[in-house]
Amino acid sequence: MPTFTAARPFKGVFPVAPTVFDAAGALDLDGQKRAIDCMIDAGSHGICILANFSEQFVLTDDERDRVMVTVLEHVAGRVPVIVTTTHFSTAVCAERSRRAQDLGAAMVMVMPPYHGATFRVPEASIYDFYRGVSDAISIPIMVQDAPVAGTPLSVPFLARMAKEIGNLAYFKIEVPQAAAKLRALIEAGGEAIEGPWDGEEAITLMADLDAGATGAMTGGAYADGIRQVTDPYFAGDREAAMDAYQRWLPLINYENRQCGLAACKALMQEGGVIAHETVRAPLPPMHPATRAGLIEIAQRLDPVVLRWGK
């Protein structure tokens, strides 16, 4: 399996793939492969699997492994794949990361250790956690800095880890005022910040690009739309990027504010990519009115996802 070391630094649009289930909530691995193919055909520079938007928190360890093996074997080096290996335990996270690397992952994404609303560890332990994971692998680690962890990660602390922990090189910033944090992190970390990335479905994409973001980890449904923003931006045409962002922002906003992780599956089902848009209980299905609003906005933009399977 390739590890894509020659392609570093990784840049561009790396959407999060959904985990595809059948009507009963069991894994649909054939549908999983179709979802991945659609995402690649839509222009994804790479793909992230087993993230929160992949419903990683409703999967058994065996299911996680089956999804990872299926996706990495099916992608077969066409694009780099980031595998989320987050776990509270340093040993478990390190082992998950080793296995992802052995199967061909290009990178692992890891949140700081947390559990529930109150189980946290001090900064020194977070440092040791990431160092322990880094020592177990040779591929880069992306720190996911998101409110769901409830763990403040200051710019000086992130910059210090980037400089001192060998494989810690990418940072997905999803906190409020993300652009300001990205800008400060790039300034504080210098060359150690190999990948300052945007997240949160790209709802702050233009501000984050202006702050120096080089990657965007978005929802999985419309990489073609996100690339209409990022491609001209990176080519030096900020005006074209802004025009594209204004076109796509209503859909980005609707996904982020109204639908959440169910949006990608609904769009894929609507476009014949997958047979079922099931989210696993106890997550509720999307309300029909919300779904209708999503499809209405998306149809005006004609993304690949709505015609890929038809």
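The values are calculated or read from the model by the stated rules, or taken from the named source; none is laboratory data. Everything numeric in this text was worked out from a predicted model, so none of it was measured. All Cβ positions, glycine included, derive from the backbone under ideal geometry; neighbour counts span all protein chains shown.
Quick one: in the range 93-120, which of the residues that are in a loop (DSSP other than H, G, I, E, B) and modelled with pLDDT of 95 or more is farthest from Ile165 (Cα to Cα)?
This residue is Gly104.
Would you pick out the residues in the range 69-105 that are more than 16 Å from Gln144 (Cβ to Cβ), small (Gly, Ala, Ser) and surrounded by 15 or more Cβ atoms within 10 Å (Cβ to Cβ)?
The answer is Ala94, Gly104.
When the range 21-47 is examined, which residues are found to be within 27 Å of Lys11 (Cβ to Cβ) and either within 14 Å of the chain's Cα centre (by Cα) or assigned to a loop (DSSP other than H, G, I, E, B) (or both)?
Ile36, Met39, Ala42, Gly43, Ser44, His45, Gly46, Ile47
Take the residues in the range 78-92 that are within 18 Å of the chain's Cα centre (by Cα) and either among the hydroxyl-bearing types (Ser, Thr, Tyr) or not in a strand (DSSP E or B) (or both); name whichever of them is nearest to Ala51 (Cα to Cα).
Among those residues, the one meeting the criterion is Thr84.
Can you pull out every residue in the range 256-287 that is of a type in the set (A, V, I, L, M, F, W, C), over 19 Å from the mean Cα position of the chain (by Cα) and farther than 17 Å from Asp224 by Cα?
Selection gives Ile274, Ala275, Ala281, Leu283, Met286.
Looking at the range 116-136, I want the residues that are exposed (fewer than 10 other Cβ atoms within 10 Å of the Cβ) and have a partner that is modelled with pLDDT under 95 with Cβ atoms under 8 Å, at least 6 apart or on another chain. Which pairs are those?
Once the first residue is exposed (fewer than 10 other Cβ atoms within 10 Å of the Cβ) and sits in the range 116-136, its partners that are modelled with pLDDT under 95 give Ala117/Gly150.
Show the residue pairs that are 6+ apart or on different chains and have beta-carbon atoms under 7 Å apart, the first residue being within the range 48-62 and within 12 Å of Val279 (Cβ to Cβ) and assigned to a helix (DSSP H, G or I), the second being of a type in the set (Gly, Ala, Ser) and at pLDDT 95 or above.
Phe53/Gly219; Ser54/Ala17
Does any residue of the range 288-305 turn out to be surrounded by fewer than 17 Cβ atoms within 10 Å (Cβ to Cβ), closer than 22 Å to Ala51 by Cβ and under 22 Å from the mean Cα position of the chain (by Cα)?
Within the range 288-305 (the criterion being surrounded by fewer than 17 Cβ atoms within 10 Å (Cβ to Cβ), closer than 22 Å to Ala51 by Cβ and under 22 Å from the mean Cα position of the chain (by Cα)), the answer is no, since none of the residues qualifies.
If the requirement is being in contact with a Leu (Cβ under 6 Å, 6 or more places away or on another chain) and not charged (D, E, K, R), which of these qualifies: Leu72, Leu50?
Leu72
Go through the range 138-175 and give me each residue that's part of a strand (DSSP E or B) and among the aromatic types (Phe, Trp, Tyr).
Once the filter is applied, which keeps residues that are part of a strand (DSSP E or B) and among the aromatic types (Phe, Trp, Tyr), the range 138-175 yields Tyr170, Phe171.
Would you confirm whether any residue within the range 238-257 is without any contact (Cβ under 8 Å) to a residue 12 or more places away in the chain, in contact with a helix residue (DSSP H, G or I) (Cβ under 7 Å, 6 or more places away or on another chain) and surrounded by fewer than 18 Cβ atoms within 10 Å (Cβ to Cβ)?
Scanning the range 238-257 turns up at least one residue that is without any contact (Cβ under 8 Å) to a residue 12 or more places away in the chain, in contact with a helix residue (DSSP H, G or I) (Cβ under 7 Å, 6 or more places away or on another chain) and surrounded by fewer than 18 Cβ atoms within 10 Å (Cβ to Cβ).
For the range 276-287, give me each residue that is surrounded by fewer than 17 Cβ atoms within 10 Å (Cβ to Cβ) and touching a residue at least 40 places away in the same chain (Cβ under 8 Å).
His276, Arg280, Ala281, Leu283, listed by residue number.
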